[in-house]
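Below is one structure, written out as C-alpha cells, with a few remarks after it.
The values are calculated or read from the model by the stated rules, or taken from the named source; none is laboratory data. None of these values were measured; they are calculated from a predicted model. Cβ atoms come from the backbone with ideal geometry, glycine included; neighbour counts cover every protein chain shown. Remember, those area values only see protein heavy atoms, side chains included, never the ligands or the DNA or RNA. Shrake-Rupley method; radii C 1.70, N 1.55, O 1.52, S 1.80 Å.
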Amino acid sequence: MEKVILVSGSPRAEGNTMQILSRCAERIRALGLEAEIISLAGKNIAACTACRKCAELKKCVLPDSLNEIAEKVRAAKGFIIGSPVYYGTARGDLMNLLQRLGLVAAANGRFLSWKVGGPIAINRRGGSTATIQEMLMFYFINEMIVPGSTYWNIVFGREPGEALEDAEGVRTVERFAENVAKLILKLSAKE
Ligand SMILES: Cc1cc2nc3c(=O)[nH]c(=O)nc-3n(C[C@H](O)[C@H](O)[C@H](O)COP(=O)(O)O)c2cc1C
C-alpha cells in the first residue's frame, strides 16, 4: 500500500501541530493509503556538521534519529511536514532534519525525487507564510511535487487544541492532504 510519512516538528507531543497532522493522516487513510506520523518531540535532531561523510557511507554519522526517519521517508511515496512558527521561521530541529535528509537522499540516488507532499505551518499570529516558503525550499530543490489547496497551508492557534478551532485552516490542510493522496494514487497508476 502507498504510504505517506508526516513529521511533526513541534516539541509538544500532543500540541497543535500533532493534532493538525492527525487530521491530515485521517484524510489520507480515508483515501486508502497508509499514513504514519513521526513526532520530533523529545528527539533532539542535531544540525548538519558538513562533514560530508554521508556521501561515502550513504547515511548520516550523527547519533540521533535521522537515519531511521530517512529510511521511512525513502520507503514512502509521500512526505508532509508540519512546524510551529518560532520567531517567524520553522522550528530548528525540523530544519536540521530537512537539511541532513537532503544530503542523505543526494547520496542515495536522490530518493526524494517525485515524492509528493509539502509543508504546513501552525502559528499564533504571524510568520506563517515566510515559514511555508522556508520549508518549500527543501521540496523544490529535491524534485518533489507539492500540490496546492484552497488556501496556503496555514493554521492558527496558540495553546494545544486551539488550532482545531480554526475551521478554515483545518479545511485547507485536510484538502491539501487529500490532494497529496490523490496525486500519489494517480502517479502510482501510471508507473
Ligand atoms: C519560541 C517560540 C516562538 C514563537 N514564535 C511565534 C511567531 O513568530 N509567530 C506566531 O504566530 N507564533 C509564535 N509562537 C507560537 C506557536 O507558533 C504556537 O503556539 C503554535 O500553536 C505551537 O504549536 P505546537 O502546539 O504544535 O507546538 C512561538 C512559540 C514559541 C514557543
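Of note:
- Subset of the range 1-19 (residues that are more than 8 Å from the ligand (Cβ to nearest atom) and hydrophobic (A, V, I, L, M, F, W, C)): MET1, VAL4, ILE5, LEU6, VAL7, ALA13
- Whichever residue in the range 20-34 is hydrophobic (A, V, I, L, M, F, W, C) and within 16 Å of the ligand (Cβ to nearest atom) and, among such residues, is farthest from LEU187 (Cα to Cα): ILE20
- Of the residues examined, SER22 is one that is without any contact (Cβ under 8 Å) to a residue 24 or more places away in the chain and more than 22 Å from LEU112 (Cα to Cα).
- Restricted to the range 47-80, and to residues there that are more than 18 Å from ASN108 (Cα to Cα) and surrounded by 15 or more Cβ atoms within 10 Å (Cβ to Cβ), the residue that is nearest to the chain's Cα centre (by Cα) is ILE80.
- Test: residue in the range 81-90 that is among the β-branched types (Val, Ile, Thr) and open to solvent by 10 Å² or more (accessible area, probe 1.4 Å): yes
- Failed condition for PHE111, given (1) open to solvent by 10 Å² or more (accessible area, probe 1.4 Å); (2) touching a residue at least 24 places away in the same chain (Cβ under 8 Å); (3) farther than 29 Å from ASN67 by Cα: (3)
- Residues of the range 138-155 that turn out to be out of contact with any helix residue (DSSP H, G or I) (no Cβ under 6 Å at 6 or more places or on another chain) and farther than 16 Å from ILE80 by Cβ, as a count: 2
- Number of the exception - ALA189 against (1) at pLDDT below 95; (2) surrounded by 16 or more Cβ atoms within 10 Å (Cβ to Cβ): (2)
- Residues considered: VAL155, VAL170, VAL104. Of these, the only one that is more than 16 Å from the ligand (Cβ to nearest atom), open to solvent by less than 40 Å² (accessible area, probe 1.4 Å) and not aromatic (Phe, Trp, Tyr) is VAL104.
- ALA163 being modelled with pLDDT of 95 or more and within 16 Å of the ligand (Cβ to nearest atom): yes
- Taken over the range 116-160, the residue count meeting the criterion of being in a helix (DSSP H, G or I), under 17 Å from ILE20 (Cβ atoms) and in contact (Cβ under 8 Å) with a residue 24 or more places away in the chain is 4.
- Residues (away from the ligand (no atom under 16 Å from the Cβ) and open to solvent by 60 Å² or more (accessible area, probe 1.4 Å)) located in the range 142-152: GLU143, THR150, TYR151
- Hey, ILE37 under 17 Å from the mean Cα position of the chain (by Cα) and either crowded, with 18+ Cβ neighbours inside 10 Å or charged (D, E, K, R) (or both) or not: no
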